[in-house]
Structures are given as C-alpha cells and as structure tokens.
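Asker: Submitted below is the structure of interest, expressed as structure tokens.
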Amino acid sequence: MFDLFTLHGPFSTELLSPAGTLFILNNLFRIYVAYRFVGIFFDRSGVSKTREMVAFFLYFLINSTTYLAFNILIVTMLTNIFSIFVITFLYKSRLSTKVLATLLIYAPALCVEILVYIFLLSLDFDGDMANLVLIIGSLILLLVVMLLERAKATSLDREIKSKSWLPLMFIPVASVFISLVLGMPLTSFNWVVVALLFLLSINFIAFYLYDALGRYYVEENEKQLLIQQNEAYSRQFELIQQSQQSIRMIRHDMKNHMMTMNSLVAIGDRQELFEYMKKINANIETETVHVDTGNHYVDSILNYKIEEAIRSGAQVKVEIHIPDKLNIQAFDLNVIIGNLFDNAIEGCKEVEDKRIRFDMVLDRSMLFIKVQNHYDGPLNRQKGEFLSTKGNEKLRGIGLRSVQSAVSIYDGTMDVETKNGVFDVTILLYNQANSNVHSNL
Amino acid sequence: MFRIAVCDDEPTIVADMERMLTRFKEKHKLDLEIVAFLSGEELCKTLESGEAFHLLYLDVCMKLMDGIEASRKIREEYMDESLQIVYVSSSKSHTMQMFENRPMNFLPKPVAEEALERTLLKALSLWERNQSDFEFQIGKRQYRVKINEIMYFESDNKKILIHTIVNTLEFYGKLSLVEKQLGGNHFVWIHKSFLVNYMYIREAMYDEIILSTGLRLPITQTFRKGVRDFMVQRRKGDLHV
C-alpha cells in the first residue's frame, strides 16, 4: 500500500528562487484553469466578479501554502478537493451538481499532475526544467477545459436520476485511484488488482451511459411526435369550429326563411314565394368552394387552407388530379398540406409577388405534391431545417420537420429547392395499397 | 409529323377542339395532323388497323364505349405507352380507374384554350425527348433501337438484355455505361441488374415497380433513394409559378 501520508511530492523548492517564482506562476495558471472549468458547470451571471476573484485568490493561497509547507500527497489532494468544493458554493445550483463538478474538475487535474510527475521522474529533470514541464502540464489541462467548453451542449446543472448518480460519480473517483496506482512507484499487487477492477467497472458504465443516450433519443422522438400531433389536432379543431359556426348560421337563417315562407303561403302569394325560394337557392350556391376533387378529405383541407391564404392576401392557383380515395391517411395529409400552406403563406407575407402555386397529381401510384411561392430575404438553413425569417425560430423548424416525418411514413421524399427567390417544394408519397403504415392516431 | 386524335361523342366539342388546335398549329408553326373521332369504337378500330397517334384527347363519358374503356384497351390490349392520353371531362372529380391508364393530364370541360395549349406543348416536348435512339454494338456492327420501344434493360453477367415491346436483344456491356449513355431522365436504375423506362412503369412502390406488362421488378434497398430522387426530378420540370 503506498504511503500517502509520508510521500513527498517532487516539487520541494525555495520560494523566492527563479524556480520558486515559476512554481507560483504555474499555480496561478492552474487556478485560472480551475476558474474556466468551474464556468462549464455553473452559471456565473448571479455572482459578483469581486466575490469570485476573492474566492479564487484564497484558493490559490491555500493551495500554494499547503503544497510548500506540507508537500505530502494526501494533504494536498484533500485540500484541493475541499477547496474546489467550497468554491462551488459561490454559485447557485443543486447539491448534486456541486459534488459532481468537484469530482469532474479534480480528477483530470490530478491525472495531469501524475502524468507530469511520472514524466519528470523518468527524465530526472532538476528544479528549473521541472517547473517548465509543470507549465506544459497546466497547458494540457487548459486545452482539455477548452475542448469541454466547446463540446458542452446542455446545461450541466440538472436533475440526476438516482440510478445515474453512482455510475457518474464513480468514474472520476475511479480515475483518481487508477492514476495514483499507475503513477506511484510503491504500489503492491493488490492495489493494481483493485485498479483493474475499477477499469472494468468503467467499461460497464460506458455501456450503461450509451444505453441511457439511446433512451434519451427515443424520448426526444416521442416528444416531437406529440408536438406534431398537437398541432394537427388544433388544426382539426379549428376546422370543426369553423364548420360548426357555419351550421349555426345556416340553422339560424333557416328558421327565418321558414317563418317568411310560412306567412307567404298563408296569404297565398305564390309568386312572391317562388321569388323567395329562388333567392334561397342562390344563397346556397355561393359557398366559397375552391376545389372539388371528389376526395372529401383533401377538399376540406384544401378549401380551408386556400381560404386562409386568400385572406392573408395571397393569390392561390391549384391544379389537383387525384382520385376520390387515396391510401394516404387524412391525418398525414393534413399535416403535410397544412404545414406546406402555412410555410407558403408565411413566405408571401414579406414579398410583393404573393402567388402561391399548389399541385397534387397521382401518377403510377405515386402521389406528387408541389408548392411554390416567392419569399424574401435569406432563409436560415440550419441542419437541413428552415428557420423562419420571423421570430419563432424553433417553431418554423418543426413545421417542415413534421412534413418530413409524415412523408417518411409513406417511404416518400421531400425535395426543397430555393432559387431566385422562389421556394419550391416537391413531395413524393407512395400511394401503396396495404402499405405498412402504422396509424399514429 | 405529330398526330393528334380528338375523340368525343359531341360533334360541337370535337369541332371546337379542332379549331383551337389548328390555331396553335399556326401560332407555333407546328407539323400537326388532327383527326376527329365521334366514338370510342371508331377510335379503337382505327388504332387496331395500325394507325398510330402521339396525342389523344379523350372524352371520359361517351355512350357505349366510354373514355376509360378506350384508354384501357390502348394500354392493356394494344400495349401502347407512347400515346399520350388527355382525359376531357365535365366532372372535376376523378376515379381511380382513370389513373390506372396513365394519362398525361386532365382537361375540364368546357375546354379552356390556354389549358389545351399547355397540354399540347407538354405532349410535344415529351415526344421530342423520346425520339432518340439507343445505339449499341454486337461484334463489329452498330445497331439502334428507339428509346420509346425499350421497356427495360437487364444485365446478366457480362451481357445486357434489351427488353423491347416486341423482342429481346442482347449485347455485351455494362449497365452503368448504358445508364451514362442514355442520360436524361427516361430510365431509372432500380436494381443492380435493372434499368427501367419510366414510360413502361404501371405502378411504382417504394420497394418494387410493376411494368405495364404486369412484370414485377424489385427495387433494392440501396437504390430506393435514387429512385425517389429520380421521380421527383422528373416531376419538377413540369410546373412553374
């Protein structure tokens, strides 16, 4: 077992010698790296700069003095860990995040230290070179921190499920232990065995984390699906509302018409009655029907959307050649046509040429849907999704993504082309009978 | 010479369309011949006698043999895929049957001049694109086959089989070179061994296609995306804002 309590580090040095100053400078550098590292885990915005400066300066003082005064490994290790932990209390976060951050900050730092230590031992450098290598070690650590800063995608201050606790904390702890075993020349066989067992556990944990990632993706997908469904439902709801409104108006009118016709019959004025009935007939005919393809679902979706487009100031031209029954679910058609129209209407808002062209054709069992409209300004294309020129960036991305996922249910494809200020979408859906379509209703 | 047939049991409509088509002929200086038919039977008898047309305007509802029956005969009995059919119908809705005979387009009655003109021009451009031949070599001799007679190419070992509507020809070659030689967007590569003429596809599904003869050819996994993109690109040229 190595003698943590009497082991001396290699860095005993006179404080004011050149080597000593280098040592102090290196320590300062290390503190700076710790400062950056802390920034990855915590939100700095709520803490005053002065407080931070003071805290880190104290850390620096304590660290340097313990190093120089005691120079016993276990003491320096513990002071370091403890200081970092105390620093985490500067920031507002969960306790679990503080513990995890402390471990994840300390473990790599120790690894680098031991790395440098082994390096120095093997090359048998003296004081000056030793400190130079120390600085290189700190640079390596800074590099690691910078990479982590860049790689970080989420907020690290979040709830950790209880079963994730142990594996997460275990890795830095195991790393510390393994680094010591590898680095210290006084280890016995037993500790090597323990270290190897730790390594084995780390591999298991890696597998577990990979699996957890998979679960995360599944949940993300489900969430997206729910969002889409919600949007589709609210659209259906609007449609229902609109038609119910029409029904109410018709019913109201009918009552009045009946009363009038009743009285006309009562007084026996046939001529007047005929005129009246002619007027009613004319009224029935004037419902704004834009398309009448025989396919009820498509007709209702299109009529609604075309009306909406016209109300927003666009001019809509359609050419529809489809049979009265398609093997595409109305729900998916709603998502596709609805979103395409929303997109086109949105695009037209900022331009003078407000023409929208919409086509649907069935050819050789393939359903083609085309939308064309003018748009203004640069489209933000991020990761293949389109962000709106308006505020709501995330929302617009979802629109075309919903279309894409509806399209993929039918093994189809969506082709988007933007040229000369024209947004051109062509969609292919296979209108296969008995396709393996799982209904998502 | 581009031959157009107009078939409708209402003489006034036929006369109207003939007039409009003649106007386009003069306007675009086209080499057109327009022939009128007053019934589906008359049309079919003429076709059976060996006369061929490039474009047919067909009334859907006629007494006795209606447009759907006539077009079915054209596609299934006469196996003619190069005759472009445009259904002319007073109803805006279409039945599934109409699509099964692979029309090029639909025209609502009363026929608008602009719409008629568009279908004519589209048919002409499709015809022009299909006019070329495919050239290949057997030994030292050069041969050629009309592209619109080739249903599909099949590769068998080192040989390429050209399946036309009348026979099957053979020559030594590689399918990838054939595809490059053909260019354009007439033939779609659905399988390592099959290169199919779009004209002769009756139904396209994500994992297989059915030819007009009823033959089913599979679309292998790796080719599916390419097939989808091909179909979309073909469609894209059609309409503009």
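The values are calculated or read from the model by the stated rules, or taken from the named source; none is laboratory data. Since this is a predicted model, take the numbers as computed values, not measurements. Note that we place each Cβ from the backbone using ideal geometry, even for glycine, and neighbour counts take in every protein chain shown.
Asker: In the range A:277-389, which strands (runs of 3 or more DSSP E) lie fully inside it and hold 1 or more residues that are in contact with a Phe, Trp or Tyr (Cβ under 7 Å, 6 or more places away or on another chain) and modelled with pLDDT of 90 or more?
Answerer: In the range A:277-389, the matching strands (runs of 3 or more DSSP E) lie at A:315-321, A:355-363, A:366-374.
Asker: Could we say that B:Arg234 is of a type outside the set (Ser, Thr, Tyr) and within 8 Å of another protein chain (Cβ to nearest Cβ) here?
Answerer: No: the conditions fail for B:Arg234.
Asker: Across the range B:78-92, what is the number of residues that are without any contact (Cβ under 8 Å) to a residue 24 or more places away in the chain and under 11 Å from B:Val60 (Cα atoms)?
Answerer: The total comes to 0.
Asker: Under 20 Å from B:Met151 (Cβ atoms), out of contact with any Gly (no Cβ under 7 Å at 6 or more places or on another chain) and modelled with pLDDT under 90: which single residue out of B:Leu239, B:Leu182, B:Leu195 fits that description?
Answerer: Criteria check complete, one pass: B:Leu182.
Asker: Return yes when B:Phe37 is more than 23 Å from A:Val291 (Cβ to Cβ), touching a residue at least 40 places away in the same chain (Cβ under 8 Å) and touching a strand residue (DSSP E or B) at 6+ places or on another chain (Cβ under 9 Å) and no when it is not.
Answerer: no
Asker: Can you tell me which residue among B:Ser193, B:Ser212 is over 17 Å from A:Leu362 (Cα atoms) and of a type in the set (Ser, Thr, Tyr)?
Answerer: Answer to the selection: B:Ser193.
Asker: In the range B:73-92, what residues are surrounded by fewer than 16 Cβ atoms within 10 Å (Cβ to Cβ) and not aromatic (Phe, Trp, Tyr)?
Answerer: B:Glu76, B:Glu77, B:Met79, B:Ser90, B:Ser91, B:Lys92
Asker: Please enumerate the residues belonging to the range B:63-92 that are modelled with pLDDT under 90, part of a loop (DSSP other than H, G, I, E, B), under 25 Å from B:Thr213 (Cβ atoms) and away from chain A (no Cβ under 14 Å).
Answerer: B:Met65, B:Asp66, B:Tyr78, B:Met79, B:Asp80, B:Ser82
Asker: Another question about this same structure. Taking the conditions exactly as written (more than 28 Å from B:Arg3 (Cα to Cα) and at pLDDT 90 or above), does B:Phe106 satisfy them or not?
Answerer: So B:Phe106 fails the test.
Asker: Among the residues that make up the range A:182-202, is at least one of them surrounded by 11 or more Cβ atoms within 10 Å (Cβ to Cβ), of a type in the set (Gly, Ala, Ser) and more than 37 Å from the chain's Cα centre (by Cα)?
Answerer: Checked the range A:182-202: at least one residue is surrounded by 11 or more Cβ atoms within 10 Å (Cβ to Cβ), of a type in the set (Gly, Ala, Ser) and more than 37 Å from the chain's Cα centre (by Cα).
Asker: Determine if the range A:342-354 includes at least one residue that is among the basic types (Lys, Arg), within 24 Å of A:Leu428 (Cα to Cα), within 34 Å of the chain's Cα centre (by Cα) and buried (at least 19 other Cβ atoms within 10 Å of the Cβ).
Answerer: no
Asker: Then there is this: For the range A:281-340, name all the residues that are small (Gly, Ala, Ser), in contact with a Lys or Arg (Cβ under 8 Å, 6 or more places away or on another chain) and surrounded by fewer than 16 Cβ atoms within 10 Å (Cβ to Cβ).
Answerer: Result: A:Ser312, A:Gly313.
Asker: For the range B:93-110, which positions are assigned to a helix (DSSP H, G or I), within 7 Å of chain A (Cβ to nearest Cβ) and touching a residue at least 12 places away in the same chain (Cβ under 8 Å)?
Answerer: none
Asker: Please enumerate the residues belonging to the range A:321-373 that are more than 14 Å from chain B (Cβ to nearest Cβ), among the charged types (D, E, K, R) and in contact with a Leu (Cβ under 9 Å, 6 or more places away or on another chain).
Answerer: Correct list: A:Asp332 only.
Asker: Shifting gears a bit: Can you give me the ranges of the strands (runs of 3 or more DSSP E) entirely in the range B:140-241 with at least 1 residues that are basic (Lys, Arg), surrounded by fewer than 19 Cβ atoms within 10 Å (Cβ to Cβ) and touching a residue at least 12 places away in the same chain (Cβ under 8 Å)?
Answerer: B:141-146, B:159-164
Asker: Select the helices (runs of 4 or more DSSP H) contained entirely in the range A:24-132, then report the ones holding at least 2 residues which are within 33 Å of the chain's Cα centre (by Cα) and under 29 Å from A:Lys163 (Cβ atoms).
Answerer: Those helices (runs of 4 or more DSSP H) span A:73-88, A:95-123.
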